[in-house]
Every structure is written in C-alpha cells, then in structure tokens.
Ligand code: BEZ
C-alpha cells in the first residue's frame with residue numbers, strides 16, 4: 001500500500017469494533033473523522049490517551065467530528081481493557097476501537113512502521129474531512145503520548161480555512177488573527193474581510209478571524 005497523502009481519499013473498510021461491525025465511510029456520514037492507532041492494549045500511555053479522548057467528546061462533537069481508535073489486539077482484550085481505562089481515567093470510553101488482528105486496516109493506513117516495531121501499530125493520526133479526504137496525518141512513536149489539544153486546534157484551523165480565504169499562522173489558536181490567503185488581492189480583501197486587515201508586507205496581511213462575531 002502506498003503511503004497516504006494529504007488530499008487522498010481515506011480508504012474505506014469494514015471492521016470489527018467495540019461498537020460492532022462498522023463500515024468506515026457509512027459511519028462517518030457527513031461528519032469529519034479522526035482515525036488514530038495505538039500500539040497495544042493494557043499499556044500505560046495508551047490508557048491515558050484513550051481516557052483523554054473520551055473526555056474530549058463534547059469538543060469533538062462541537063466540531064462535528066467522530067473519533068475511532070485502532071490497535072491490533074482483539075475485541076475481548078479491548079472490551080476488558082476499556083474497564084481499566086474507565087476506572088483509572090475516571091471516564092467512559094464512548095467511541096469505537098477497531099480490533100485489527102488481521103492488520104487489514106493498519107495495512108491500508110500504513111500504521112505499522114517495521115523499523116520501529118514489526119508487529120504493532122505506531123501512534124498514527126488521520127484527520128478526515130467531510131468530503132472523506134485526508135486533511136492531516138501525524139505520526140508519533142510509541143513512547144510519546146499525543147497532545148489532543150493540538151489535534152482540536154488543527155481541526156479548528158482545517159475547518160476555518162476550508163470555508164474562508166485565510167490560513168492560520170504559527171501557534172494560532174481559535175479566536176486569534178489569521179493571515180489572508182496569498183491568492184486574494186488586497187483589493188479583493190477589502191470586500192472579503194469587512195473587519196479590515198493590516199498589511200505588514202504585501203504578502204503578509206493579518207485579519208481578525210472571519211467566522212467570529
Ligand atoms: C504505552 O502505551 O505506554 C506504550 C506502548 C508501547 C511502547 C511503549 C509505551
């Protein structure tokens with residue numbers, strides 16, 4: 001399987017999950033999606049990650065984004081481990097976890113990096129847009145737990161820039177000023193950005209975030 005790149009269609013699959021058999025594209029429907037893998041059940045970092053994601057349900061819902069996890073362990077193991085996650089992280093895991101024992105989905109998404117670990121998935125993250133296209137990929141090693149605030153921040157940027165002619169600068173957070181896309185002339189920017197803009201250089205123009213009142 002070739003590496004998946006930004007703009008590619010997210011491969012569809014049908015998989016066994018802790019919430020029953022799921023067809024990925026049907027499950028996504030019109031939502032955005034996050035598909036993320038972790039190396040193994042009953043491991044400490046993964047336990048904190050899945051607990052954290054379940055606590056962020058409201059944040060993902062606000063962004064019309066569904067979340068699905070994956071590891072190559074089996075269903076019985078996932079279901080038993082969820083009890084530990086719920087207990088130790090004081091939460092209730094409320095998203096499906098794929099039991100990818102035959103490594104079908106990990107293969108499709110290139111989640112096994114043999115020079116890091118020949119048998120287990122690394123910490124891959126795919127953000128999938130409401131058009132089923134891949135909008136973001138990030139890969140972390142097993143030893144580093146992910147920053148899910150960063151994931152929400154990127155989804156905010158992806159959703160903003162999909163509908164407005166802006167891009168988001170370094171360390172941007174929702175509510176901060178944005179940069180005007182280089183494709184927009186300063187003449188057009190006057191009508192497109194009624195809140196105004198500051199031209200620091202002809203190619204560097206800052207405007208208040210357009211989708212806020
Ligand atoms: C963990 O989730 O804690 C973990 C998994 C694999 C290797 C190292 C840490």
Does any residue in the stretch 80-107 that is over 11 Å from residue 70 (Cβ atoms) come within less than 7 Å, Cβ to Cβ, of a residue that is modelled with pLDDT under 95 and surrounded by fewer than 13 Cβ atoms within 10 Å (Cβ to Cβ) six or more places away or on a different chain, and which pairs are these?
107/1
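More than 16 Å from the ligand (Cβ to nearest atom), part of a helix (DSSP H, G or I), touching a residue at least 60 places away in the same chain (Cβ under 8 Å) and touching a helix residue (DSSP H, G or I) at 6+ places or on another chain (Cβ under 9 Å): is that true of residue 136 in this structure?
So residue 136 does not fit the description; no.
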Output for the stretch 116-133, where each listed residue is in a loop (DSSP other than H, G, I, E, B) and away from the ligand (no atom under 15 Å from the Cβ)
129, 130, 131, 132
With the requirement that a residue be part of a loop (DSSP other than H, G, I, E, B), in contact with a helix residue (DSSP H, G or I) (Cβ under 8 Å, 6 or more places away or on another chain) and within 16 Å of the ligand (Cβ to nearest atom), what does the stretch 1-60 give you?
38, 39, 40, 41, 42
Give me the residue from the stretch 114-159 that is out of contact with any strand residue (DSSP E or B) (no Cβ under 7 Å at 6 or more places or on another chain) and surrounded by 16 or more Cβ atoms within 10 Å (Cβ to Cβ) and, out of that set, nearest to residue 98 (Cα to Cα).
120
Out of curiosity, is residue 42 loosely packed, with under 14 Cβ neighbours inside 10 Å and within 19 Å of residue 144 (Cβ to Cβ)?
yes
Identify all residues within the stretch 166-181 that are in a loop (DSSP other than H, G, I, E, B) and either closer than 16 Å to residue 155 by Cα or at pLDDT below 95 (or both); write none if there are none.
168, 169, 170, 171, 172, 173, 174, 175, 176
Could you please find all residues in the stretch 156-175 being closer than 21 Å to residue 64 by Cα and out of contact with any helix residue (DSSP H, G or I) (no Cβ under 8 Å at 6 or more places or on another chain)?
156, 157, 158, 159, 160, 161, 162, 163, 164, 175
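The values are calculated or read from the model by the stated rules, or taken from the named source; none is laboratory data. This is a predicted model, so every value here is computed, not measured. Positions of Cβ are backbone-derived with ideal geometry, glycine not excepted, and every protein chain shown enters the neighbour counts.
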